[in-house]
Amino acid sequence: MPAPAVPLPPSFGAWREGDPPGRRRWHTAGPALPLERGGQLPRVRLAFETWGRLAPDRSNAVLVLHALTGDSHVAGPAGPGHPTPGWWDGLVGPGLALDTDRLFVVAPNVLGGCQGSTGPASPRPDGGAAWGGSFPALTQRDQVAAEAGLADALGIDRWALVVGGSMGGMRAVEWAVTHPQRTGALLLLATTAAASAEQIAWAAVQTAAVRGDPDWRGGDYHATGRTPAGGLGLARRIAHVTYRCEPELQSRFGRLPQDGEDPGKGGRYRVESYLDHHADKLVRRFDAGSYVVLTEAMNAHDVGRGRGGVRAALARVTAPTLVAGVDSDRLYPVAQQAELAALIPTADRHRVIESAYGHDGFLIEKEQVAPLVAELLDKA
C-alpha cells in the first residue's frame, strides 16, 4: 500500500504566525491605510529585511522592490522562514553592486503579499479568520503608501536609490512620481508606465485559472483544509511561458519527451515537465489569494491615472533615472522602457540587457545589472 500523502498547509506557502521569522522584521501601521479605490485597510503590517547599516545622517538607504512572486528575501540562503534563496543573490552584499559595507538596503514584502505582510491569508485585525475573498482591491499607489509608512518608521526621509523590476518597477516609478523629494535616484528594469492590453489579458487568464478551481470558494479557502493548488499551478504555467522566450524553450527542450515518458501514451514533453516543476514550486511557497490580489494590482497600474496622463505624470520625476529592458522580453517589450526613458526628464537613453531568458533576464543577468546600479549610484 502506498504511503499516505502528506497534507500541505491550507494556504501552502503563505507565511503564518508561529512560522520561523527568518531575517524578517515587521512594521505595523495604524490605525488604518486609506485606499485609492475607497475604504481603508486597518492595521497594516509590512514584513521587511535589511542589509548593512543606516548612516548617522540616514543618507545611504536603498529601497529594493520585488516582482509578483518575490518577497523581502533579496539576498541570503534558503532556511527556516525562507523557502528559497535570495532572488537577487550576487547583487546585494559586501563589495557587490549594492554594497552593504556602504549602503543600507531595505526590501519590504509588498502589501497584499503572503510572506509576512498583510494580505488575504492574514488574520483580520480582530483576530478572526483570514481575510480571504473579502481582502480589498489594491493599487500600486496603496502599496507605495504602505512603504512610505515603513520609510517613516525607519527615519528615512529620502532614499538614495529606489530600484525595482517588473511589478517592483511599477512601484518604483510610482515612488518617483508620488514622492519625488524622497527618491534620490531611480532604477527601472523590465517594467512599464502603465499595464498594456496584452499584459492585462495574460493576467486575466491567470486569475481566471485560480478562480476556476473548485477549491477557490470565492477566496475563502484558508480554513477549509484545501487550497486552489490546481488553479494556482495553471496560472504559474501560463505566466512562466510569458516570462521566458521561444528561442530558449526551443533550444532547451525542443520536442523531446520527458525521460521515461511517451507523449503519445499520455506522457509529457520535457517542456511540460519544466512547467509542472515551476508550478509545483510556486504552490508550495505562495498563496493563491495574494496571487490574485497582486496580479489585479498590476493590471491597475497606470502612473498617469488622475495626473493628466503618463507624460504629465512622468514629468514630475526629478531623480537621476536609468531605465533598462531585456531584448528577448515578450511580456514587457523594450518599447515600454524606451517610452519611460523618453518621458522621464532626468533619464538618458534606455539601456538593453542582452539575454536568452526573456523577461526573467532582469533577475538572471546580474553581471549586466550590476554596472547599471554602479552607474546610477555614481550619478546620484
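The values are calculated or read from the model by the stated rules, or taken from the named source; none is laboratory data. Values in this document were obtained by computation on a predicted structure and should not be read as measured data. When we count neighbours, we look across all protein chains shown, and the Cβ atoms used for this are built from the backbone with ideal geometry, even at glycine. What goes into the accessible areas is simple: the full protein's heavy atoms, side chains included, and nothing from ligands, DNA or RNA. Shrake-Rupley method; radii C 1.70, N 1.55, O 1.52, S 1.80 Å.
Whole number please: convex hull volume per residue, Cα atoms of the chain, in Å³.
Details: hull volume 56.6 nm³, N = 380.
Roughly 149 Å³ of hull volume per residue.
Ranked by accessible surface with a 1.4 Å probe, highest first, in what order do 17, 246 come?
On the way: 17 120, 246 100 Å².
Accessible-area ranking of 17, 246, largest first: 17, 246.
Starting from the Cα-Cα distance between residue 251 and residue 201, subtract it from 0.36 nm times their residue separation and give me the gain in nm to one decimal.
15.3 nm
Between segment 10-80 and segment 352-380, how far is it from one alpha carbon centroid to the other, in angstrom?
24
Relative contact order of the chain, please, whole-number percent, based on alpha carbon pairs below 8 angstrom and at least 6 residues apart.
Reported relative contact order: 18 percent.
Give me the distance in nm between label points sitting 7 Å out from Cα along the Cα-to-Cβ direction at residue 211 and residue 37, one decimal.
1.1
Relative contact order of segment 56-159: what whole-number percent is it, with Cα pairs under 8 angstrom and at least 6 residues apart?
So the answer I get is 26 percent.
Report, as a whole number in µm² per second, the diffusion coefficient that Stokes-Einstein gives for segment 138-256 at 10 °C and 1.306 mPa s using the Kirkwood radius over alpha carbon pairs.
93
Per residue, how much accessible area does the chain have with a 1.4 Å probe, in Å²?
41
For residue 366, give me every one of the lysines with a C-alpha distance below 24 angstrom, ignoring sequence neighbours fewer than eight places off in its own chain.
Straight-distance partners of residue 366: 281, 379.
Give me the compactness ratio for segment 230-368, meaning the Cα radius of gyration over 2.2 N^0.38 Å. Could you put the intermediate results ahead of the total?
Details: Rg = 18.9 Å, N = 139, 2.2 N^0.38 = 14.3 Å.
It is 1.31.
Once the piece of chain linking residue 124 and residue 181 is laid out straight, how much longer is it, given 0.36 nm per residue of separation minus the C-alpha distance between them?
Working: separation 57, 0.36 × 57 = 20.52 nm, distance 3.43 nm.
Extra length from residue 124 to residue 181 when fully extended: 17.1 nm.
Give a quick list of GluC sites (Glu not before Pro) in segment 153-257 that DSSP marks as loop, anything other than H, G, I, E or B, with at most 15 other Cβ atoms within 10 Å.
The qualifying sites: there are none.
At 222 nm, what helix-only mean residue ellipticity would the chain give, in deg cm²/dmol to the nearest 500, using -39500 (n - 2.57) for each DSSP H run of four or more?
Result for the chain, helices only: -10000 deg cm²/dmol.
Treating only the Cβ atoms of Lys and Arg (+1) and Asp and Glu (-1) as charged, compute the dipole magnitude of the chain about its Cα centre; round to the nearest 20 debye.
580
When the accessible area of the chain is split by element with a 1.4 Å probe, what percent falls to carbon and sulfur?
Of the solvent-accessible surface of the chain, carbon and sulfur hold 55 percent.
Along the charge dipole of the chain, which of 282, 107, 91 sits closest to the positive end, that is, farthest toward it, with unit charges on the beta carbon of Lys, Arg, Asp and Glu (+1, +1, -1, -1)?
Comparing the listed Cα positions along the dipole, 107 ranks first.
Hey, rough spin-label estimate for residue 137 and residue 28, points 7 angstrom out along Cα→Cβ, what's it come to in nanometres?
For residue 137 paired with residue 28, the spin-label model returns 3.0 nm.
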